[in-house]
1. I need 5, 26 ordered by Cβ neighbour count within 10 Å, fewest first.
2. Counting other beta carbons within 10 Å of each Cβ, put 38, 48 in order, fewest first.
3. Taking H placed 1.01 Å from N in the peptide plane, check which residues at least 5 places from residue 80 or on another chain put their amide H under 5 Å from its amide H.
4. Calculate one ³J(HN,Hα) per residue across the stretch 152-164 by plugging θ = phi - 60° into the Karplus curve 6.51 cos²θ - 1.76 cosθ + 1.60, and present them in order as whole Hz with x for glycine and proline.
5. With a point put 7 Å past each Cα toward its Cβ, work out how far residue 130 is from residue 10 in nm, to one decimal.
6. How much length is gained if the chain between residue 26 and residue 117 is pulled fully straight, taking 0.36 nm per residue apart and subtracting their Cα-Cα distance, in nm to one decimal?
7. Using the beta-carbon distance between residue 19 and residue 52 and R0 = 41 Å, what value does 1/(1 + (r/R0)^6) give for FRET efficiency, to the nearest 0.05?
8. Remind me, what semi-axes does the stretch 2-165 give for its equivalent ellipsoid, largest first in whole Å, using sqrt of 5 times each Cα gyration tensor eigenvalue?
Amino acid sequence: MKFKLRDDKTGGDLLLFKEEDSFDRLYFSRDRFNKYFTIAWNPGEKQTVTIDNTGYEFLPNSLLTLLFDQSFYFQRSTEIVAWQFNREFYCIIDHDNEVSCVGFLFGSTDYLFIGLDEHAQQKLKLLLDIFIEEFKTSDNIQNEMLLMLLKRLIIYVTRLAKSEYVPVKKMQDEKFHIIRKFNLLVEANFKSEHSVSFYAQQLCKSPKPCLTCLLFITIKHHRRLSRKEYSLKQKGFYLIQKKQ
């Protein structure tokens, strides 16, 4: 089952996949012009997801977020539920004040595998049913209804990810937002800027909070780091250890 809504005025796309046999993404060939963000849900048994030619365990009852420049396929795609959208449909950067996920939920330095408890599973199933109903209802407010549901989905997934990866007891909201901003800066500048002081200056912070960010990201975000980017974050980790 595949649903697609396209806004001809903006070029915005929103897609929903459920029990689709051929759900995958080939960024460097077939799908290079479709820059879709992806939220994938595995409500079934454990399987393998291959991202950029590397396989990962996709555990039962868990979510995975993926960027538009990543290629992926699933061991059993018919068991996957997935939402895709492009920035023309909803720009998470321009509307970060609404969803607060930029630099965290969709980041290029790691993949967020988010576990779902029974309550979260039920809530996601209900949201999925409403999505399907709205995709089937073609009227003059369909775009607005589906956009509202997408925002609700992103906000909810961000909350789940934050509770798992950034527990409130261990990190306050202020530090969480510093990490999000730091992630964006590293992704944009790591090829040319490798000093902690540069990122501290960009964040208008002293180097110490930046070193905290480096420690957190080194531990949680290590799978897709380039050599230079990893060296920067490893340096931050070393400096923190030295200060302790």
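1. By the 10 Å Cβ count, ascending, the order reads 26, 5.
2. Values: 38 20, 48 12.
Starting with the residue having the fewest Cβ neighbours, the order is 48, 38.
3. Under 5 Å from the amide H of residue 80 lie the amide H atoms of 19, 20, each far enough along the sequence or on another chain.
4. Each residue's phi maps through the Karplus curve to give 4, 5, 4, 4, 5, 5, 4, 4, 4, 5, 5, 5, 8 Hz.
5. Calculated label separation equals 1.9 nm.
6. Details: separation 91, 0.36 × 91 = 32.76 nm, distance 3.12 nm.
Result for the pair: 29.6 nm of gain on full extension.
7. Working: r = 25 Å, r/R0 = 0.61.
Working from the Cβ atoms, E equals 0.95.
8. Numbers: eigenvalues 97, 67, 57 Å².
Working from the Cα gyration tensor, I get semi-axes of 22, 18, 17 Å.
None of the figures in this text is laboratory data; all of them are computed from the coordinates on show. It should be emphasised that the depicted structure is a prediction, and the values quoted were computed from it without experimental measurement. Using ideal geometry, Cβ is built from the backbone for each residue, glycine included, and neighbour counts are taken over all protein chains shown.
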